[in-house]
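Participant: After the structure tokens below, expect a handful of questions from me.
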């Protein structure tokens with residue numbers, strides 16, 4: 001049995017769905033169901049006896065300790081995090097509490113749990129911490145991609161909080177001997193992505209006839225990774241990763257935000273054409289840049305490719321088409337998650 005934290009969010013839910021598609025091993029799924037956590041993401045496995053959902057926070061020591069004591073999982077995969085840069089700029093405290101304090105309390109619970117286990121369980125147990133390439137800061141246009149040896153230079157409250165959590169995980173390995181693994185991924189996209197992030201926001205606003213906002217000049221570069229490929233990398237690291245090591249996971253798809261938006265509009269023009277031959281590109285609007293906006297991210301995934309024989313299955317072209325097709329086929333899900341407080345918040349960001 002494994003324990004997944006944050007398993008009702010975007011990446012966590014995709015991981016749980018894929019895990020149960022490829023394994024019979026049960027999953028305990030702990031999620032606080034904050035605004036981006038959504039039980040609809042797990043609808044296809046609701047009632048599956050291999051899936052136990054528990055509502056709660058990783059910062060709830062008593063709850064986490066009880067889950068560990070009752071179920072004795074062989075691994076924890078920690079997705080639980082506040083993850084949106086814009087929200088961290090407007091309200092950083094939640095990011096400090098969840099990403100730093102929450103990770104600390106989770107590590108403490110694991111440390112206490114392992115101390116009571118037999119040698120075999122201690123030896124086989126793994127704590128896999130899922131992090132981001134944003135901890136490395138920003139790259140110059142011609143600079144080499146982020147390797148695992150890149151120094152941390154976080155530039156937003158979000159990335160700073162994730163950097164702190166990464167350091168805690170590393171410290172608990174070196175100080176207490178916790179059997180940890182860390183992954184730092186590039187920008188994910190795919191099904192169940194909450195529509196505050198670029199790709200689902202573009203799709204949602206385009207279909208709604210609203211402006212498609214692009215920060216600044218749109219020349220910010222990101223390395224895009226299909227979420228299912230990210231999930232397969234995490235499974236591979238959990239299976240064969242070396243304790244104490246960090247593995248960068250990327251798609252080798254460096255694209256400007258402007259290019260991504262144009263591609264999305266072109267796919268929508270084909271799959272959901274507007275009347276009279278108009279293009280969704282007419283809805284593009286350049287808006288004031290995000291404060292401290294990192295210019296370029298890029299992941300050097302050579303280590304995980306070389307040592308664990310992992311590579312992504314999707315190119316950006318194949319993955320982005322699958323993503324658009326999924327959103328077009330799941331408009332009820334989109335309508336559900338974009339109602340109420342989310343809609344009010346996102347609208348005020350791009351007025």
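Participant: If I ask for residues that are crowded, with 23+ Cβ neighbours inside 10 Å and farther than 15 Å from residue 324 by Cβ, which ones from segment 188-198 would you list? Step through it out loud before you land on a result.
Facilitator: We begin by selecting, within segment 188-198, every residue crowded, with 23+ Cβ neighbours inside 10 Å; these are 188-190, 192-193.
Scanning segment 188-198 gives a single hit, 188.
Participant: Those residues that are assigned to a helix (DSSP H, G or I) and touching a helix residue (DSSP H, G or I) at 6+ places or on another chain (Cβ under 8 Å), I need them from segment 267-289; list them, please.
Facilitator: The answer is 267, 268, 269, 271, 280, 281, 283.
Participant: Those residues that are touching a helix residue (DSSP H, G or I) at 6+ places or on another chain (Cβ under 6 Å) and either within 23 Å of residue 10 (Cα to Cα) or in contact (Cβ under 8 Å) with a residue 24 or more places away in the chain (or both), I need them from segment 149-165; list them, please.
Facilitator: So in segment 149-165, the residues touching a helix residue (DSSP H, G or I) at 6+ places or on another chain (Cβ under 6 Å) come out as 150, 152, 154, 156-159, 161-165.
Passing the criteria: 154, 156, 157, 158, 159, 161, 162, 163, 164, 165.
Participant: From 25, 108, which residue is in a loop (DSSP other than H, G, I, E, B) and surrounded by fewer than 22 Cβ atoms within 10 Å (Cβ to Cβ)?
Facilitator: None of the others qualify; the one that does is 25.
Participant: Same structure, new question: Restricting attention to segment 230-249, which residues are in a helix (DSSP H, G or I) and buried (at least 21 other Cβ atoms within 10 Å of the Cβ)? Please lay out each step first, then the result.
Facilitator: At the first step, the residues of segment 230-249 found to be in a helix (DSSP H, G or I) are 230-240.
Answer for segment 230-249, where residues must be in a helix (DSSP H, G or I) and buried (at least 21 other Cβ atoms within 10 Å of the Cβ): 230, 231, 233, 234, 237.
Participant: Which is over 30 Å from residue 237 (Cβ atoms) and loosely packed, with under 14 Cβ neighbours inside 10 Å, of 325, 270? Please lay out each step first, then the result.
Facilitator: Details: 325 fails: over 30 Å from residue 237 (Cβ atoms).
Result: 270 is the single residue among 325, 270 that is over 30 Å from residue 237 (Cβ atoms) and loosely packed, with under 14 Cβ neighbours inside 10 Å.
Participant: With the structure loaded, tell me whether residue 290 is modelled with pLDDT under 95 and either farther than 17 Å from residue 258 by Cβ or touching a strand residue (DSSP E or B) at 6+ places or on another chain (Cβ under 6 Å) (or both) or whether it fails that test. Show your work before the answer.
Facilitator: On the way: modelled with pLDDT under 95: yes; either farther than 17 Å from residue 258 by Cβ or touching a strand residue (DSSP E or B) at 6+ places or on another chain (Cβ under 6 Å) (or both): yes.
Yes; evaluated as a whole, the condition is true for this residue.
Participant: Also: Against the conditions (1) over 30 Å from residue 240 (Cβ atoms); (2) touching a residue at least 12 places away in the same chain (Cβ under 8 Å), where does residue 106 fall short? Just the number, please.
Facilitator: With respect to (1) over 30 Å from residue 240 (Cβ atoms); (2) touching a residue at least 12 places away in the same chain (Cβ under 8 Å), residue 106 is out only on (1).
Participant: Take segment 44-93 and flag every residue that is closer than 22 Å to residue 193 by Cβ, part of a helix (DSSP H, G or I) and either free of Cβ contacts under 8 Å to residues at least 24 places away in the same chain or touching a helix residue (DSSP H, G or I) at 6+ places or on another chain (Cβ under 7 Å) (or both).
Facilitator: Of everything in segment 44-93, those that are closer than 22 Å to residue 193 by Cβ, part of a helix (DSSP H, G or I) and either free of Cβ contacts under 8 Å to residues at least 24 places away in the same chain or touching a helix residue (DSSP H, G or I) at 6+ places or on another chain (Cβ under 7 Å) (or both) turn out to be 44, 45, 85, 86, 88, 89, 90.
Participant: So residue 174 passes all but one of these: (1) closer than 20 Å to residue 290 by Cβ; (2) at pLDDT 95 or above. Which condition number does it fail?
Facilitator: Of everything listed in (1) closer than 20 Å to residue 290 by Cβ; (2) at pLDDT 95 or above, residue 174 misses just condition (1).
The values are calculated or read from the model by the stated rules, or taken from the named source; none is laboratory data. Treat the numbers as computed from the prediction; the structure is a model and nothing was measured. Note that we place each Cβ from the backbone using ideal geometry, even for glycine, and neighbour counts take in every protein chain shown.
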